[in-house]
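The values are calculated or read from the model by the stated rules, or taken from the named source; none is laboratory data. All figures in this text were calculated on a predicted structure; none of them were measured in a lab. Please note: Cβ atoms are built from the backbone with ideal geometry, for glycine as well, and neighbour counts cover all protein chains shown.
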Amino acid sequence: MAETMANDLGITESYRQSVRAKIDEAIQMYGMLASKNSIEMENHVYQKAKSKEQYVGYVARLILEYRKMSNAS
């Protein structure tokens, strides 16, 4: 069965689920308490992105920010 694309970005729901899992992993790995859960954060990034490349970049920056905040603690 083919997955449907959520919008013109070309990002499938299963890809988005894997991104949410990576965000959850980063939260746990770096011991950060987030004001939003991974679903909310991923959804915000998804809505803000205008391309798949931009989406991936935003997610990478989000995870890097968790790492920076963890190192600063």
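Taking first residues from the range 40-69 that are more than 16 Å from Ser14 (Cα to Cα) and partners that are part of a helix (DSSP H, G or I) and of a type in the set (Gly, Ala, Ser), the Cβ contacts under 7 Å between residues at least 6 apart in sequence or on separate chains come to Ile63/Ala26; Tyr66/Ala26.
Let's see how each residue does on (1) of a type in the set (A, V, I, L, M); (2) assigned to a helix (DSSP H, G or I):
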site	(1), (2)
Gly31	no, no
Glu53	no, yes
Tyr58	no, yes
Ile63	yes, yes
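Within the range 52-73, if we keep just the residues that are in contact with a helix residue (DSSP H, G or I) (Cβ under 7 Å, 6 or more places away or on another chain) and β-branched (Val, Ile, Thr), the residue that is surrounded by the most Cβ atoms within 10 Å (Cβ to Cβ) turns out to be Val59. Candidates Glu53, Glu25, Glu40, Glu3: the one that is over 12 Å from the mean Cα position of the chain (by Cα) and at pLDDT 90 or above is Glu53.
Considering the range 33-51 alone, what residues qualify as being in a loop (DSSP other than H, G, I, E, B) and among the basic types (Lys, Arg)?
So in the range 33-51, the residues in a loop (DSSP other than H, G, I, E, B) come out as 33-37, 49-51.
Residues satisfying the conditions are Lys36, Lys50.
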